[in-house]
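The values are calculated or read from the model by the stated rules, or taken from the named source; none is laboratory data. Just so we're clear, the structure is a prediction, and the values are computed from it rather than from any experiment. Note that each Cβ is placed from the backbone with ideal geometry, even for glycine, and that neighbours are counted across all protein chains shown. Note: areas computed on protein heavy atoms with side chains; ligands, DNA, RNA excluded. Shrake-Rupley method; radii C 1.70, N 1.55, O 1.52, S 1.80 Å.
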Amino acid sequence: MKTDGNTTVNKLELDGLSVGYHGRPLISDIAFALRPGEILTLIGPNGAGKTTILKSITRHLAAISGTVYIDGQNSRALDGKSFATKLAVVLTDRIRPELMTCREFAEAGRYPYTGSFGRLTPHDREIVNKALAAVHAEEIAEQEIATVSDGQRQRVLLARAICQEPEIIVLDEPTSYLDVKHKIELLEILRTMAREQGIAVVMSLHEIDLAEKISDKLVCVKGDAIAGYGPPEAIFRDDFITSLFDIKHGSFHSLTGAVELKKPQGEPRCFVIGGAGYGVPFYRALQKKGFPFAAGILPENDIDYPVAAALAQAVISCAAFMPVGTEQTEAAKRQIDAVNTVIDCGCPMGEYNRANGELISYAAKQNKRILRTVGELSEVTL
């Protein structure tokens, strides 16, 4: 356990942990640490063991070997009430409480602090009210929890965890069942809690783009060991994520966080003149129809470039912040000569991409069919 003077640095620490079932290890030698206010996310393919690790941290599952430390103490040495005041859990299991309102369900988080009869004091009720407000659940507080939506139910689950006043919150796929709006809202609540209250957050996520944006640290789970551990900038590399998830029928681009499907195969049937994001809808429309294409002329820092590189059979590019050279222009003209159709995506023309305007004029002089809207693609055969 590391310390800085008299101040504990690591709120949660796993030391040589092996987890599994029936005495058989699934993942061995797990080691990572989390400081107050940090968010750590487990990512990896389905069935890799992310939930098994989390359940071993939360004592729902006995570790095979190794130790989980909370504030420097072996978590197994803590009694149930002490453990509940330090660590709260939000699991993905669908809850089925009978005739409980959302408020009553959240109030259950105060039980580690109540007496034998479980009576709430005015102080307890104040904490419950603040927890419901923190997750924006005041309006549904008196509704039966069985009647609210998945997104609302997830917020109430988090409110119950907040009511425990924990130092650590562990969440297993907290964004499951949620639409995009509620995913973002829930993660923003977690980030605010971590930043303002110093709560350490450990969770698993399927959405790797969100994991990259929300996390201070990432643990990558694959096979029988931890495949990677570190900050997002160290983990999110194209080759590593492709290997971690064994992506064979598509690609992942770390800079944009985007996953693209497999590119159409064959000789290009059209040439797409894009740039500045104008080409992306056309590239994806062509991919959906299975039409192989070439694209250009794109600076290598253009927002179109990574999508074109993932989906096009050929991309003619130039260096960032540099005018298009004669070599690139001639290569693009050869691509145009080889196809019957050119797509003008409508990108504004300026000093650096003036050559693309010349290419459109060249295509017209060569009597090539020129399409200018995605809708036109659905009406033609390339």
Exercise. Somewhere in the range 280-300, is a residue in contact (Cβ under 8 Å) with a residue 12 or more places away in the chain, more than 30 Å from GLU379 (Cα to Cα), open to solvent by 30 Å² or more (accessible area, probe 1.4 Å) and part of a loop (DSSP other than H, G, I, E, B)?
Worked result: yes
Exercise. If you go through the range 4-21 one residue at a time, how many are at pLDDT 90 or above, surrounded by fewer than 19 Cβ atoms within 10 Å (Cβ to Cβ) and out of contact with any Leu (no Cβ under 9 Å at 6 or more places or on another chain)?
Worked result: 2
Exercise. Within the range 298-337, which residues are among the acidic types (Asp, Glu) and in contact with a Gly (Cβ under 6 Å, 6 or more places away or on another chain)?
Worked result: ASP302, ASP304
For this session: Mind listing whichever residues of the range 305-316 are closer than 14 Å to ASN356 by Cα and either open to solvent by 30 Å² or more (accessible area, probe 1.4 Å) or in contact with a Cys (Cβ under 9 Å, 6 or more places away or on another chain) (or both)?
Result: VAL315
Exercise. For the subset of the range 174-202 comprising residues that are at negative phi and part of a loop (DSSP other than H, G, I, E, B), which member is most open to solvent (accessible area, probe 1.4 Å)?
Worked result: ASP179
For this session: Identify the single condition in (1) in contact (Cβ under 8 Å) with a residue 60 or more places away in the chain; (2) in contact with a Pro (Cβ under 8 Å, 6 or more places away or on another chain); (3) among the small types (Gly, Ala, Ser) that ALA258 does not satisfy, given that it satisfies every other one.
Result: (1)
For this session: Could you tell me whether ALA364 is open to solvent by less than 80 Å² (accessible area, probe 1.4 Å), more than 20 Å from ALA276 (Cβ to Cβ) and in a helix (DSSP H, G or I)?
Result: yes
Exercise. Quick check, is ASN353 touching a residue at least 40 places away in the same chain (Cβ under 8 Å) and open to solvent by 70 Å² or more (accessible area, probe 1.4 Å)?
Worked result: no
Seminar exercise, completed: Flagged pairs (Cβ under 6 angstrom, 6 or more apart or on separate chains; first in the range 162-173, without any contact (Cβ under 8 Å) to a residue 60 or more places away in the chain and on the phi < 0 side of the Ramachandran plot; second open to solvent by less than 10 Å² (accessible area, probe 1.4 Å) and not in a loop (DSSP other than H, G, I, E, B)) are CYS163/ALA106; CYS163/GLY109; CYS163/ARG110; CYS163/VAL128; CYS163/ALA131
Exercise. For the subset of the range 122-173 comprising residues that are within 22 Å of the chain's Cα centre (by Cα) and assigned to a loop (DSSP other than H, G, I, E, B), which member is surrounded by the most Cβ atoms within 10 Å (Cβ to Cβ)?
Worked result: VAL135
Exercise. Considering only residues of the range 169-210 that are among the small types (Gly, Ala, Ser) and over 24 Å from SER18 (Cα atoms), which is modelled with the lowest pLDDT?
Worked result: SER176
Exercise. If you take the residues in the range 203-236 that are farther than 19 Å from PRO45 by Cβ and either within 13 Å of the chain's Cα centre (by Cα) or not small (Gly, Ala, Ser) (or both), which one is surrounded by the most Cβ atoms within 10 Å (Cβ to Cβ)?
Worked result: ILE214
Exercise. Identify, please: which residue in the range 260-275 is open to solvent by less than 90 Å² (accessible area, probe 1.4 Å) and over 15 Å from ILE343 (Cβ atoms) and is, among those, nearest to the chain's Cα centre (by Cα)?
Worked result: GLU260
Problem set entry | Yes/no for ALA320 being under 24 Å from GLU267 (Cβ atoms) and either of a type in the set (A, V, I, L, M) or open to solvent by less than 40 Å² (accessible area, probe 1.4 Å) (or both) | no
Exercise. Counting only residues that are of a type in the set (Val, Ile, Thr) and closer than 11 Å to ILE199 by Cβ, which one in the range 148-168 is modelled with the lowest pLDDT?
Worked result: ILE162
Exercise. Hey, does the range 243-258 have a residue that's open to solvent by 30 Å² or more (accessible area, probe 1.4 Å) and either at pLDDT 95 or above or part of a helix (DSSP H, G or I) (or both)?
Worked result: yes
